[in-house]
Ligand SMILES: Nc1ncnc2c1ncn2[C@@H]1O[C@H](COP(=O)(O)OP(=O)(O)OP(=O)(O)O)[C@@H](O)[C@H]1O
Ligand SMILES: [Mg+2]
């Protein structure tokens, strides 16, 4: 959409519709850069309960004038970046010319609101710009939550009404050729920066149009970051690096938002530079540092219900692309069978994630997923496939205090009778909890050396002698 069209669409807010108690971004200086910076300071703020009607009038008048002024400056091909830095000085000019506006109007707030509307995503813009915020959740017009530093936070941000939320959703989905309305009330989309968006609207969402945004990390976490966060320790990192280099098949398991994709990304970056990597995802989230990476993304059906390309289709296709490694974002259906078959037939070193609360449960889920592929296989045969294919299950968890932890690294040792034998190599042991709800515990080896240790040695990998021995200092 051209800037001109966008500006024309920014409808000045009607005074009666304007809700009290809206979040305000406090701006401390004049430049646009500072305005952008101030967006980051939007926190849950108590707004004055009875805003003087008079100042509301002025607020709206100034906004309308400024809007007109912007409109007069913008041509069909004007770029948003050109106009943003000028808005602040335009507002100063208007106030200089009309003494009516001197006093009783928060000029900076007016400027902020217009910039928010112009840049596309309305009131949630401050959260999208805030680098500390990792997730944004709009539950209807009057409830906006975000996740900051692993914790959910209610913000004071409000939309005018359901239509205001809908207009933001439409702005998000229109550029990718999707639509949201009663006949198609759920949609997955992406922001231009790669952030993942899900929107669901009434009548399915009872509380009003609901939007969930998982922000795309500009600088994805590195193994060093995860060690600093306490997600894993140095020994586990060294071990996992060795497992990836030795081409073991690794499965990252965990609940929603537990950090599976992040861990998968870190593991994938352990893959040597000279290998050809094919990644398969629903929405491309992985960011690999290697040069030789082919990223594939599945496609939902179009409005007529046609043209879908599933993860399963892509897994099958990837095997014809001479991959050294196949990395699957999330396995949740019939593709499990193709993945296991690939792992069992020479495509070692594959990495994937799946949704579950423990390694044993993950295995059970994989069994069910294989059945979804529609091939009649006896349970024992399925278990043989799983035991033969997967070497390591990494269990990831989001603890109550918001921290993400690798709570176990488990070896899949093989099949005994009809039971898949699992052996923990590292485990998180909770030791207590403080008054703030922070969980204390330590990550420690179980003292068992994995059966595949020889495979690591054969691959020329030497690990420190203490990797599998618990150290006193590991806290
Ligand atoms: N080890 C970690 N420590 C702290 N924060 C993390 C960690 N891993 C991921 N995060 C943050 O948690 C959020 C969820 O991460 P991620 O997308 O990796 O989870 P997921 O399990 O793949 O989620 P989903 O189930 O939705 O696919 C992100 O905002 C990310 O920045
Ligand atoms: Mg994920």
Worksheet item: If each of residue 364 and residue 440 carries a label point 7 Å out from its Cα toward its Cβ, how far apart are those two points in nm?
Response: 3.4 nm
Fill in: Per-residue Cβ neighbour rank within 10 angstrom, fewest leading, 277, 390
277, 390
Fill in: Angle in degrees between helix 234-245 and the longest Cα principal axis of the chain, rounded to the nearest 10
70 degrees
Item to complete: Kindly put 375, 278, 138, 197 in sequence by how many other C-beta atoms sit within 10 Å of each C-beta, fewest to most.
Response: 375, 197, 278, 138
Worksheet entry | Using distinct alpha-carbon pairs, which all enter the 1/r mean, Kirkwood radius of the chain in Å | 25.2 Å
Practice prompt. Pop the C-beta distance of residue 198 and residue 102 into the FRET formula with R0 = 41 Å and round what comes out to the nearest 0.05.
Written response: 0.35
Discussion item. To test your reading of the geometry: what angle, between 0 and 90 degrees and rounded to tens, separates the Cα axis of helix 162-173 from the longest principal axis of the chain?
Written reply: 60 degrees
Worksheet item: So what's the angle, to the nearest 10 degrees on a 0 to 90 scale, between helix 359-372 and the longest Cα principal axis of the chain?
Response: 80 degrees
Worksheet item: Exposure proxy check: 134, 410 ranked by fewest other beta carbons within 10 Å?
Response: 134, 410
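Order of 431-440, 333-342 by packing, highest average Cβ count within 10 Å first? Intermediate results must be reported in sequence, preceding the final value.
Numbers: 431-440: 10.3, 333-342: 22.9.
Descending packing order for the listed peptides: 333-342, 431-440.
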Worksheet item: For the chain, what is the percent of antiparallel DSSP beta bridges, rounded to the nearest 5?
Response: 70 percent
Worksheet, complete the sentence: Calculated from DSSP helices alone, with each H run of at least 4 adding -39500 (n - 2.57) and the total divided by the residues of the chain, [θ]222 nm to the nearest 500 comes to -10000 deg cm²/dmol
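Here, each number is a calculation from the coordinates, and none is a lab measurement. Model, not experiment: these values are computed from the prediction. Methodologically, a virtual Cβ is constructed for each residue, glycine included, from the backbone with ideal geometry; neighbour enumeration extends over all protein chains shown.
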